[in-house]
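Structure record follows, encoded as structure tokens.
The values are calculated or read from the model by the stated rules, or taken from the named source; none is laboratory data. All figures in this text were calculated on a predicted structure; none of them were measured in a lab. As a convention, Cβ positions derive from the backbone with ideal geometry for all residues, glycine included, and neighbour counts pool all protein chains shown.
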Amino acid sequence: MQAKTDEYYMQLAIEEAKKAAERGEIPIGAVLVANGEVISAAHNMRETWHDATAHAEMITIIEACAILERWRLNDATLYVTLEPCPMCAGAIVNSRLKRLVYGCLDFKAGAAESIFNIVSNTNLNHAVEVTSGVCEEECAAVLKDFFKKRREENKQQKQK
Ligand SMILES: [Zn+2]
């Protein structure tokens, strides 16, 4: 059996992001993979759960640790549509993830390269392998479409 590509798993993360949009959540999706198998998949749940920490990456990491019954995920890769924020980057380092793969950059909160580099900072006791720009345009388009639609809806409401 041929190993699946980063693009394949990123498409699953994009599917998760689209589910978030349907719920009115900012569309960010994540998938955690170990030995080629999807262990957990989640999307942003901040509004639904009233939880500031309910980012897609946090949920996939927490679920994967529970399913695998261990906190070290050093054989796993996390796929996420948007560059992780400092909180999620901290969780990625603390769970000893092997690899992080993300789609588009977050210039307002990114903690892998845009503002900070937490995930592969060699001063820390664990550095994560990083691949960025996988399905970048598609990941960005999901976010862009969501905000565009929301602006239009807000405009329509004001006109009523
Ligand atoms: Zn985050």
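Residues in segment 98-156 that are away from the ligand (no atom under 16 Å from the Cβ) and outside any helix (DSSP H, G or I): 15 in all.
For segment 120-136, name all the residues that are touching a Lys or Arg at 6+ places or on another chain (Cβ under 8 Å), surrounded by fewer than 15 Cβ atoms within 10 Å (Cβ to Cβ) and within 17 Å of L82 (Cβ to Cβ). If the condition is that a residue be touching a Lys or Arg at 6+ places or on another chain (Cβ under 8 Å), surrounded by fewer than 15 Cβ atoms within 10 Å (Cβ to Cβ) and within 17 Å of L82 (Cβ to Cβ), then T131 is the only one that fits. Just one of the listed residues (A34, A3, A89) is free of Cβ contacts under 8 Å to residues at least 40 places away in the same chain and surrounded by fewer than 22 Cβ atoms within 10 Å (Cβ to Cβ), namely A3. Checking E83, E25 one by one, the residue that is farther than 20 Å from E129 by Cβ, modelled with pLDDT of 95 or more, charged (D, E, K, R) and within 15 Å of the ligand (Cβ to nearest atom) is E25 and no other.
Filtered by the rule that a residue be exposed (fewer than 15 other Cβ atoms within 10 Å of the Cβ), closer than 17 Å to I92 by Cβ and among the acidic types (D, E), segment 37-76 gives a lone residue, D75.
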